[in-house]
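Enquirer: Have a look at the structure that comes next, please.
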Amino acid sequence: MNYAIVLRALMARPQLHASWLSTLSLLEYVGARKISRTFRLPTAAVISHFAEEARHARFFKERAERLDPGSRPLLAGRARLYFERLDAGVARLLLSHGVKEPQAAYVLVTRVIEERATDLYTDYNRLLKEMHHPFTLDGVLAEEGRHLQLMEELTLAWGLETCLQEARQEEVRHFEPFFALLERLATGAAEASLAEAPLPGSR
Ligand SMILES: [Fe+2]
Ligand SMILES: [Fe+2]
């Protein structure tokens, strides 16, 4: 996916860029909460993953506040919905393959989210460097790379390779409309309040 046009538009104004950073912070925060809700007795590896996602949420929020102390995320409702619908969709597809364990759903959902994060952050990092921004995502990307590697190992260990392509398609189904709305906001084609209007079938 080509993110550059949208990212450049989001980065063009400091206030909008701050809102984008707040959006990433929210996504990381929701991701961290998802980990903490999934495991009642977490291993050290799970706690590290949780801590790193929470740290990413703080990293993005601190950068946002430096650009605009009052910054708020774009499409906060849709960002949460992305996780909810992806969770539900992957659980459904696993069930259709006869897999019922919640941890298998966690592995597959996290796998496709880590793929998305790595992809998006790589492009964003390139633009940050190109525009000589005072921060880069090198540290965040190194940790996302480790998360992705762990999820690749777990996908194999759980025998979930056969469901991976479908899970990726499910993720695309939820990410693309979210990113298309971001594009409309970034280019001034939509107002935030309009873009947050409820989706059909959403609560
Ligand atoms: Fe992260
Ligand atoms: Fe991650």
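Enquirer: Hey, among the residues in region 78-90 that are among the small types (G, A, S) and modelled with pLDDT of 95 or more, which one's surrounded by the most Cβ atoms within 10 Å (Cβ to Cβ)?
Expert: Only one residue tops the list, namely G89.
Enquirer: What are the residues in region 66-77 that are part of a helix (DSSP H, G or I) and either buried (at least 20 other Cβ atoms within 10 Å of the Cβ) or over 20 Å from the mean Cα position of the chain (by Cα) (or both), if any?
Expert: Once the filter is applied, which keeps residues that are part of a helix (DSSP H, G or I) and either buried (at least 20 other Cβ atoms within 10 Å of the Cβ) or over 20 Å from the mean Cα position of the chain (by Cα) (or both), region 66-77 yields R66, L67.
Enquirer: Another question about this same structure. All but one of (1) touching a residue at least 24 places away in the same chain (Cβ under 8 Å); (2) within 14 Å of ligand 2 (Cβ to nearest atom); (3) among the hydrophobic types (A, V, I, L, M, F, W, C) hold for L26, so report the exception by its number.
Expert: (2)
Enquirer: Can you tell me which residue in region 128-140 is farthest from ligand 2 (Cβ to nearest atom), limited to those that are assigned to a helix (DSSP H, G or I) and surrounded by 16 or more Cβ atoms within 10 Å (Cβ to Cβ)?
Expert: Restricting to residues being assigned to a helix (DSSP H, G or I) and surrounded by 16 or more Cβ atoms within 10 Å (Cβ to Cβ), the top hit is L128.
Enquirer: Please go through region 90-116 and pick out each residue that is free of Cβ contacts under 8 Å to residues at least 40 places away in the same chain, in contact with a helix residue (DSSP H, G or I) (Cβ under 8 Å, 6 or more places away or on another chain) and of a type in the set (A, V, I, L, M, F, W, C).
Expert: Passing the criteria: A91, A105.
Enquirer: Any residue at all in region 43-64 that's among the β-branched types (V, I, T), surrounded by 15 or more Cβ atoms within 10 Å (Cβ to Cβ), over 23 Å from P134 (Cα atoms) and touching a residue at least 60 places away in the same chain (Cβ under 8 Å)?
Expert: Looking through region 43-64, none of the residues is among the β-branched types (V, I, T), surrounded by 15 or more Cβ atoms within 10 Å (Cβ to Cβ), over 23 Å from P134 (Cα atoms) and touching a residue at least 60 places away in the same chain (Cβ under 8 Å).
Enquirer: Does S48 satisfy being within 12 Å of ligand 2 (Cβ to nearest atom), among the hydroxyl-bearing types (S, T, Y), in a helix (DSSP H, G or I) and more than 27 Å from L10 (Cα to Cα)?
Expert: yes
Enquirer: Please work out if T155 is surrounded by 17 or more Cβ atoms within 10 Å (Cβ to Cβ), polar (S, T, N, Q), within 14 Å of ligand 2 (Cβ to nearest atom) and under 20 Å from the mean Cα position of the chain (by Cα).
Expert: no
Enquirer: Give me the pairs: first residue in region 138-152 and aromatic (F, W, Y), second residue away from ligand 1 (no atom under 13 Å from the Cβ) and at pLDDT below 95, beta-carbon distance under 6 Å, and six or more apart or on different chains, which are they?
Expert: Taking only residues 6 or more apart or on different chains, not a single pair turns up.
The values are calculated or read from the model by the stated rules, or taken from the named source; none is laboratory data. Because the structure is predicted, anything quoted here is derived from the model rather than measured. Here the Cβ is made from the backbone with ideal geometry for all residues, glycine too, and neighbour counts use every protein chain on show.
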